[in-house]
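The values are calculated or read from the model by the stated rules, or taken from the named source; none is laboratory data. Just so it is clear, the model here is predicted, and its values are computed rather than measured. For neighbour counting, all protein chains shown are included, and Cβ atoms are generated from backbone atoms with ideal geometry for every residue, glycine included. Keep in mind that these areas ignore ligands, DNA and RNA; they rest on the heavy atoms of the full protein, side chains included. Shrake-Rupley method; radii C 1.70, N 1.55, O 1.52, S 1.80 Å.
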Amino acid sequence: MKRWILLTLLALVPCMAGAFGLGQLQAQLRAAPIVRGHFVQQKFLRSLPQPLTSRGDFTLAQGKGLLWQLTSPFAQDLRITPQGIAKRDERGQWQALPQQLGASRETGLFLAVLAGDTHGLQENFDISLTGHAQDWTMTMKPSSALLSQVFDAIVIQGDALVRRIELRETQGDRTVLQLQDLQPATQLNAQEQRAYAH
(Lines give C-alpha, C1' and ligand atoms only; values in the text may rest on other atoms or scores of the structure.)
Protein backbone atom coordinates (compact mmCIF):
# COMPACT_ATOMS: atom_id res chain seq x y z
CA MET A 1 0.00 0.00 0.00
CA LYS A 2 2.68 2.42 0.98
CA ARG A 3 4.56 1.80 -2.20
CA TRP A 4 1.40 2.27 -4.15
CA ILE A 5 0.80 5.58 -2.44
CA LEU A 6 4.28 6.69 -3.30
CA LEU A 7 3.63 5.78 -6.90
CA THR A 8 0.28 7.44 -7.23
CA LEU A 9 1.38 11.01 -7.83
CA LEU A 10 -0.36 13.09 -10.38
CA ALA A 11 -0.70 16.49 -11.94
CA LEU A 12 -2.77 18.38 -14.41
CA VAL A 13 -1.52 20.95 -16.85
CA PRO A 14 -3.51 23.22 -19.09
CA CYS A 15 -4.26 21.27 -22.20
CA MET A 16 -6.31 20.95 -25.30
CA ALA A 17 -9.05 18.33 -25.34
CA GLY A 18 -11.42 20.27 -27.51
CA ALA A 19 -14.81 20.78 -25.91
CA PHE A 20 -13.94 18.88 -22.75
CA GLY A 21 -11.04 20.33 -20.82
CA LEU A 22 -9.30 19.98 -17.50
CA GLY A 23 -11.32 22.73 -15.90
CA GLN A 24 -14.52 20.91 -16.73
CA LEU A 25 -13.09 17.63 -15.53
CA GLN A 26 -12.06 19.11 -12.21
CA ALA A 27 -15.50 20.66 -11.70
CA GLN A 28 -17.12 17.37 -12.58
CA LEU A 29 -15.05 15.36 -10.11
CA ARG A 30 -15.59 17.90 -7.35
CA ALA A 31 -19.35 17.76 -7.73
CA ALA A 32 -19.39 14.79 -5.34
CA PRO A 33 -17.76 15.86 -2.03
CA ILE A 34 -17.82 12.27 -0.79
CA VAL A 35 -17.34 9.07 -2.76
CA ARG A 36 -17.61 5.54 -1.39
CA GLY A 37 -16.92 2.30 -3.18
CA HIS A 38 -14.90 -0.87 -3.56
CA PHE A 39 -11.43 -1.16 -5.02
CA VAL A 40 -9.41 -3.87 -6.71
CA GLN A 41 -5.70 -3.23 -6.94
CA GLN A 42 -3.41 -5.38 -9.08
CA LYS A 43 0.35 -5.14 -9.20
CA PHE A 44 1.95 -6.57 -12.29
CA LEU A 45 5.58 -7.29 -11.50
CA ARG A 46 8.08 -8.43 -14.08
CA SER A 47 9.36 -11.07 -11.68
CA LEU A 48 5.96 -12.73 -11.11
CA PRO A 49 3.75 -14.56 -13.61
CA GLN A 50 0.52 -13.50 -11.89
CA PRO A 51 -0.47 -10.08 -10.52
CA LEU A 52 -0.66 -9.41 -6.79
CA THR A 53 -4.28 -8.57 -6.06
CA SER A 54 -5.80 -6.77 -3.11
CA ARG A 55 -9.39 -5.68 -2.48
CA GLY A 56 -11.32 -3.53 -0.11
CA ASP A 57 -13.54 -0.51 0.44
CA PHE A 58 -12.81 3.18 0.53
CA THR A 59 -14.31 6.55 1.39
CA LEU A 60 -12.89 9.71 -0.13
CA ALA A 61 -14.02 12.99 1.45
CA GLN A 62 -12.96 16.36 0.09
CA GLY A 63 -10.91 18.27 2.61
CA LYS A 64 -10.59 15.28 4.93
CA GLY A 65 -8.79 12.56 3.03
CA LEU A 66 -9.16 8.89 2.27
CA LEU A 67 -10.29 5.94 4.40
CA TRP A 68 -8.77 2.81 2.85
CA GLN A 69 -10.13 -0.48 4.24
CA LEU A 70 -8.20 -3.42 2.87
CA THR A 71 -10.16 -6.68 3.23
CA SER A 72 -8.08 -9.09 1.12
CA PRO A 73 -5.52 -10.70 1.28
CA PHE A 74 -5.58 -9.37 4.87
CA ALA A 75 -7.51 -6.77 6.84
CA GLN A 76 -6.00 -3.35 7.38
CA ASP A 77 -7.51 0.09 7.82
CA LEU A 78 -5.57 3.15 6.72
CA ARG A 79 -6.41 6.82 6.90
CA ILE A 80 -4.63 9.03 4.42
CA THR A 81 -4.79 12.78 4.93
CA PRO A 82 -2.60 15.70 3.82
CA GLN A 83 -0.91 15.37 7.24
CA GLY A 84 0.14 11.77 6.66
CA ILE A 85 -0.90 8.14 6.89
CA ALA A 86 -2.35 6.45 9.97
CA LYS A 87 -3.12 2.79 10.60
CA ARG A 88 -5.92 1.54 12.87
CA ASP A 89 -4.61 -0.78 15.57
CA GLU A 90 -6.33 -3.74 17.23
CA ARG A 91 -7.93 -1.38 19.80
CA GLY A 92 -9.48 0.69 17.04
CA GLN A 93 -7.10 3.61 17.61
CA TRP A 94 -5.35 5.41 14.78
CA GLN A 95 -1.58 5.29 14.93
CA ALA A 96 0.44 7.58 12.67
CA LEU A 97 2.93 5.78 10.47
CA PRO A 98 6.47 7.10 10.27
CA GLN A 99 6.83 9.65 7.53
CA GLN A 100 9.68 9.38 5.11
CA LEU A 101 11.24 12.43 3.57
CA GLY A 102 8.84 13.85 1.01
CA ALA A 103 5.97 11.60 2.10
CA SER A 104 3.57 14.45 2.87
CA ARG A 105 4.05 15.80 -0.63
CA GLU A 106 3.36 12.38 -2.08
CA THR A 107 0.21 11.77 -0.08
CA GLY A 108 -1.01 15.21 -1.04
CA LEU A 109 -0.56 14.39 -4.69
CA PHE A 110 -2.28 11.06 -4.21
CA LEU A 111 -5.33 12.72 -2.71
CA ALA A 112 -5.29 15.33 -5.45
CA VAL A 113 -5.53 12.60 -8.06
CA LEU A 114 -8.59 10.95 -6.58
CA ALA A 115 -10.28 14.27 -5.90
CA GLY A 116 -9.52 15.73 -9.32
CA ASP A 117 -7.62 18.63 -7.80
CA THR A 118 -5.60 19.92 -10.71
CA HIS A 119 -3.70 22.66 -8.93
CA GLY A 120 -1.40 20.47 -6.88
CA LEU A 121 -0.54 18.34 -9.87
CA GLN A 122 0.39 20.81 -12.54
CA GLU A 123 3.92 21.31 -11.30
CA ASN A 124 5.01 17.74 -11.85
CA PHE A 125 3.29 16.36 -14.92
CA ASP A 126 2.55 17.09 -18.56
CA ILE A 127 -1.06 16.15 -19.10
CA SER A 128 -3.23 15.25 -22.04
CA LEU A 129 -6.96 14.68 -21.85
CA THR A 130 -9.07 12.88 -24.44
CA GLY A 131 -12.72 11.86 -24.65
CA HIS A 132 -15.77 13.53 -23.23
CA ALA A 133 -17.45 14.07 -19.88
CA GLN A 134 -18.79 10.53 -19.61
CA ASP A 135 -15.79 8.67 -21.01
CA TRP A 136 -12.42 10.37 -20.63
CA THR A 137 -8.80 9.38 -20.37
CA MET A 138 -6.15 11.56 -18.80
CA THR A 139 -2.51 10.68 -19.41
CA MET A 140 0.14 12.24 -17.24
CA LYS A 141 3.84 12.12 -17.96
CA PRO A 142 6.31 13.34 -15.37
CA SER A 143 7.91 16.68 -16.11
CA SER A 144 10.27 16.59 -13.15
CA ALA A 145 13.50 14.63 -13.10
CA LEU A 146 12.62 13.00 -9.79
CA LEU A 147 9.29 11.57 -10.91
CA SER A 148 10.71 10.61 -14.31
CA GLN A 149 12.95 8.17 -12.49
CA VAL A 150 9.87 6.35 -11.20
CA PHE A 151 7.12 6.69 -13.81
CA ASP A 152 6.74 6.42 -17.52
CA ALA A 153 3.16 7.58 -17.24
CA ILE A 154 0.03 7.58 -15.12
CA VAL A 155 -3.26 6.99 -16.92
CA ILE A 156 -6.60 7.82 -15.30
CA GLN A 157 -9.97 6.97 -16.78
CA GLY A 158 -13.47 7.77 -15.66
CA ASP A 159 -16.83 9.35 -16.26
CA ALA A 160 -18.48 11.48 -13.59
CA LEU A 161 -15.98 9.89 -11.18
CA VAL A 162 -12.53 8.35 -11.39
CA ARG A 163 -12.89 4.65 -12.30
CA ARG A 164 -9.41 3.39 -13.11
CA ILE A 165 -5.83 4.45 -12.39
CA GLU A 166 -2.81 2.80 -13.97
CA LEU A 167 0.74 3.50 -12.89
CA ARG A 168 3.39 2.57 -15.43
CA GLU A 169 6.82 2.44 -13.89
CA THR A 170 10.07 2.98 -15.70
CA GLN A 171 11.43 -0.48 -14.85
CA GLY A 172 8.43 -2.20 -16.44
CA ASP A 173 6.17 -2.91 -13.46
CA ARG A 174 2.70 -1.45 -13.35
CA THR A 175 -0.19 -1.08 -10.91
CA VAL A 176 -3.85 -0.96 -11.87
CA LEU A 177 -6.43 0.35 -9.41
CA GLN A 178 -10.08 -0.13 -10.33
CA LEU A 179 -12.74 1.73 -8.33
CA GLN A 180 -16.09 -0.04 -8.42
CA ASP A 181 -19.68 0.35 -7.18
CA LEU A 182 -19.05 4.04 -6.61
CA GLN A 183 -21.59 5.96 -4.55
CA PRO A 184 -21.33 9.76 -4.46
CA ALA A 185 -22.68 11.37 -1.30
CA THR A 186 -22.89 14.72 0.42
CA GLN A 187 -22.52 13.65 4.06
CA LEU A 188 -20.34 11.29 6.04
CA ASN A 189 -22.02 8.58 8.06
CA ALA A 190 -21.39 8.30 11.80
CA GLN A 191 -18.62 5.71 11.44
CA GLU A 192 -16.78 7.83 8.89
CA GLN A 193 -17.11 10.92 11.05
CA ARG A 194 -15.48 9.08 13.94
CA ALA A 195 -12.71 7.77 11.71
CA TYR A 196 -11.81 11.23 10.45
CA ALA A 197 -12.17 12.82 13.88
CA HIS A 198 -9.67 10.68 15.82
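Heavy-atom accessible surface of the range 27-102, averaged per residue, reaches 57 Å², computed with a 1.4 Å probe. On the basis of the beta-carbon distance and an R0 of 35 Å, residue 191 and residue 42 show a calculated FRET efficiency of 0.80. For the range 69-198, what log10 I(q)/I(0) values come out of the Debye formula at q = 0.22 1/Å, with one point per alpha carbon and no solvent? Result of the Debye calculation: -1.50. Residue 72 contributes an accessible area of around 40 Å² to the protein surface, as traced by a 1.4 Å probe with all chains present. The charge dipole of the range 108-198, taken about its Cα centre with unit charges on the Cβ of Lys, Arg, Asp and Glu (plus for the first two, minus for the last two), comes to roughly 100 debye.
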